[in-house]
Each structure stands twice: as C-alpha cells, then as structure tokens.
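The values are calculated or read from the model by the stated rules, or taken from the named source; none is laboratory data. Computed from a predicted structure; not experimentally measured. Every residue, glycine among them, receives a Cβ derived from its backbone with ideal geometry; neighbour counts consider all protein chains shown. These area figures cover heavy atoms from the full protein model, side chains too; ligands, DNA and RNA do not enter into them. Shrake-Rupley method; radii C 1.70, N 1.55, O 1.52, S 1.80 Å.
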Amino acid sequence: MTELVYRGAVELAALLRSREVSAAEVLEAHLEQIDRLNPLVNAVVTIDEGGARAAAAEADRKLVAGEAVGPLHGLPISFKDTARTAGMRTTFGHPRHIDFVPDENDLHVQRILDAGAIRVGKTNVPEYAAGSHTFNRVFGTTRNPYDPAKSAGGSSGGAAAALAAGFQPIADGSDMGGSLRNPASFCNVVGLRPTPGMVPNADGSNAFFPLAIAGPMGRTADDAALLFSVMRGATSADPFSVFPTHAGASDAGIPAGEASPQDFAGLRIAYAPTLGGRIPVAREVLDVLDPQVKALEALGARVELDCLDLDGSDEVFRVLRAACFDAAWGTDLEADPTLFNHFLAGNIREGGKLSGRDVFRAEEGMTRLIRNAAEFFTRYDLVIAPASQVAPFDADIEYPTEVEGQQLTSYLDWMRAPYLFTPLGLPALSVPAGFTPAGLPVGLQMVGARGSDARLLRLASAFEKISSCSAIHPQGAAVL
C-alpha cells in the first residue's frame, strides 16, 4: 500500500495503462491512506468513496475493453474546495456554502476528469481561499504531514498536505498571492503558478482579473507537468487564454528528454534572497537555500545577487486584491459584519475605500512591472528566491507576526515572498529545496520569463536531482 501511494503520478499512470495495477487497486490504497492519516492531517474534507469506486471500476472496464484512455487514467484526485464539482459539495471554506452542490464542473475540473482521473473528494482551504494558512469555521485546520503541530500553508493547503501524506498523486490548486507556492514550500511538493492565460480563467466572474490563476501540484515537477498538460489550453470563455506553443512531447509541460542537473550549465540566474532587501526572511530558510545556490554555481550556472524591479508591486497587489474582494463580498459584509473572519473583512473594507482611479493606476503600475520584467529576462534566464519567508509555523496561530525580529504590520506581510511576483504576470513555482534542523520543509521559488512554463518545470525537475529531497516523505511517529 505504501509503495503505491508514494509512486509518482507519471510512473503510476504508466503502470495503470500497462495493467500492472488496476485503478481499483490504486484507489483502495489511497482510500486506506486517507482513512489512516486524514483524521490527523485534515486535508480531505469531503469524500465520496462509492462514487470513486464506481469510477475506478469503469476505468478498469475501459482498459480491458481496449477503449481509449486519457493521460490521467485511473489517478485519484480530490479537488480544491473552491473548485466547483458537479454533484459534490463545494463550500469555499465558508459556513454559508456548507450545503452548496454545483450543477457543473469548473473547466479545469472537467478537463482533469475527461483525462481519466478518479474524483475522490475535496481538499481544505482557508475561508474563500484568502490566506496562506488553511483553517476555516467549517472544517477546522489542515496540519502539516511532516509535523502535525505546524501549518500546511495555503490556500491550497489541503491539496499540498494530501500530496505529502500520500492521499493522491496529483492535486489542483489556485494562486493569487502564493496559494500554490506557499503550501508547496511548507509540504515539500511542487506547486506551479502558470503564466496568466495558460490555464484559462473560464469560471471566475471577471476574465480581466489576472491575479488569480488555477495551477497544478505534484510531489515532483514531472508529476505537476503531467497535470499541467491537461489543465492548460485555450477556451473561448477566456479571451486571454492561450494555446500550447509546442506540439508533441513538450505538450506534457517538460520538453522531451530527461531533465538533468547539466541543464543549469551556462544559465544566467538572479538570486534574490530578500527580494532586493524588500522582505525579511527567516535565517533557517536562507540556511537551506544558500547552499543550493552554490550547488548551481558548481554546475556552471552564473549566479548573481540581483532582483527584478518590484517597486510598487506591493501596492498594485494589495489594491487589486482589495478591489476584487470588495466587488465579491462588499455588499454581504455591509449586510452582516460578522459574516467574514476579521482579516478578510478588513481587506474587503479596504477595497470599499478605493476609487476607480486607484484601480486604474494599479493596473498602470502592473503594466510597468510586466514590461520591466520582460527587459530583465533579456539579461537573465531564471530568478530564484524563497518561496516563503518562514518555515512552517504553529498551526494554532493565525499567522506569523514577526520575522527575524522584524514586526509585521498586517496579515499579508509574511506572504510577500510569493505575492510580490504575482503582478508581473510570470510563471513561478516552488520546488523542494531542503529541511530545517527541525525537519520542516523549505521550498525554492523559481521564476521564469512569461510563457516559459515548460522550461521552468524542466529546470525544477533538474533541480530535484540536485536537492534530492522530493523523495523524502513524512516519517514522524505521528504519521506512521
């Protein structure tokens, strides 16, 4: 059972297609793992064992009958609880949606199911996915499989914890300010925030809002790339969505041929450990990342201390995020001031104070940042930085209030490492980089030029062969 639940998605998919294992066997192994560990981790919050078993049986029937099967054939998955799933409860982490059952799937959900994945349930999120620590008033707190006393991150915290705990080999997530990258860092998995448009925004209320994006997660970059190959691709519902730029092998996300550490030879890399002095970063995080930089240099990469132009990015992000929240929930908050948790309510109220001029100027600021980033990537191939400013913190607190002795003034301050990159419209991911002395995971954030998603995944795959920590699964007594 343990062998099956920690097989990579790419390997497991091959075993399923060759009929060395059945979809039913794979599902039962993962259901057993969920039954054993989910009471401790609290990653999967809704589950349909009967529906999953029926889908697995149908998947096996198709293969025996010689029918065509998709690239995710037989792989179990629980979807993020902000993604609408037809016939299955979707709560958005809020009590008022506890009985909401959508009639249709979100586009990326439908694509994943059409590719042959087996729907098992839903993974936990913060309230309306607003925040990088996963807890809510419906299902409580998701805990880190590497240390259940610690946070799993967020907002895709349930998804990341489910991967780390062996509940599923792939996971969908979404990212506005780091919701794919932060939990990936905390749980020793890979989370990719794609270039806007790669995964269409076909279900959000505003197709012109570029900050919130769905993306793939996996225990390795190859597994995330497999899921990305299914999630990506244009649709008429999103005028900014784009078709894959390459056909054939590279359509899977990573170009043909196995990634190698030698892929870093000759690369021009900018290392931004504190984003040019803009953020405090815990020493234990930098102690993990700094040796990885030296390893890249030893492979022939040219690494310089440098950073993209992020001036004004903080204001752009906060203005557009607050405006989005006010548009979504401002009227609801006015009707019932107790409806939202205090920091989400505060963000909504900030949005209510904004003018159209404020929003338009933030969009102008985002335009400048995007153009400056394009120029930066004529000089560099890759930016590397912390995926999170801190290691996983105590799960029973709302958020860190200081980093390295520097007091933080708001809930968002400790999340700036990923979200300062968000307005630049670039692909960014977190890849496992190592562990603190306490055994807590630390991720390396890798940022590439716009549209370089496949190359970024390949470099993450190459990096995994250097850091060698993607294969280190939770071993604490509490999760055995």
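Below is a table of values for the structure above.
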{"item": "Coordinate range along principal axes, alpha carbons of segment 19-103, Å, largest first", "result": "45, 31, 20"}
{"item": "Cα-Cα P(r), the chain, percent of pairs per 10 Å interval", "result": "4, 22, 34, 27, 11, 2, 0"}
{"item": "Per-selection Kirkwood Rh - segment 121-278 (Cα, Å, 1 d.p.)", "result": "16.7 Å"}
{"item": "Per residue value of the accessible surface for segment 9-155 (all protein chains in place, 1.4 Å probe), Å²", "result": "36 Å²"}
{"item": "Label point at residue 100 placed 7 Å out along Cα→Cβ; residues across segment 130-162 whose backbone nitrogen lies under 18 Å", "result": "130-131, 135-140, 155-158"}
{"item": "Solvent-accessible area of residue 315 with every protein chain in place, 1.4 Å probe, in Å² to the nearest 10", "result": "130 Å²"}
{"item": "Heavy atoms of residue 53: accessible area, 1.4 Å probe, square angstrom to 10", "result": "100 Å²"}
{"item": "Segment 268-424 - accessible surface per residue (Å², probe 1.4 Å)", "result": "45 Å²"}
{"item": "Among 68-77, 300-309, 175-184, the order from most to least packed when residues are scored by Cβ within 10 Å on average", "result": "175-184, 68-77, 300-309"}
{"item": "For segment 1-22 versus segment 292-334, the gap between their alpha-carbon centres in whole angstrom", "result": "36 Å"}
{"item": "Peptides 198-204, 348-354 ordered by average Cβ neighbours within 10 Å, highest first", "result": "198-204, 348-354"}
{"item": "Two-site label geometry, residue 358 and residue 284: point separation in nm, points 7 Å out along Cα→Cβ", "result": "3.7 nm"}
{"item": "Carbon + sulfur, % of accessible area of segment 13-141 - ligands and nucleic acids excluded, 1.4 Å", "result": "50 percent"}
{"item": "Sites residue 294 and residue 375, calculated FRET efficiency, Cβ-Cβ separation with R0 35 Å, nearest 0.05", "result": "0.80"}
{"item": "Shape of segment 121-183, Cα gyration tensor, a/c cut at 1.5", "result": "rounded"}
{"item": "Convex hull volume per residue for segment 363-480, taking Cα atoms only, in Å³", "result": "146 Å³"}
{"item": "For segment 230-387: rounded, prolate or oblate by the Cα gyration tensor [a/c cutoff 1.5]", "result": "prolate"}
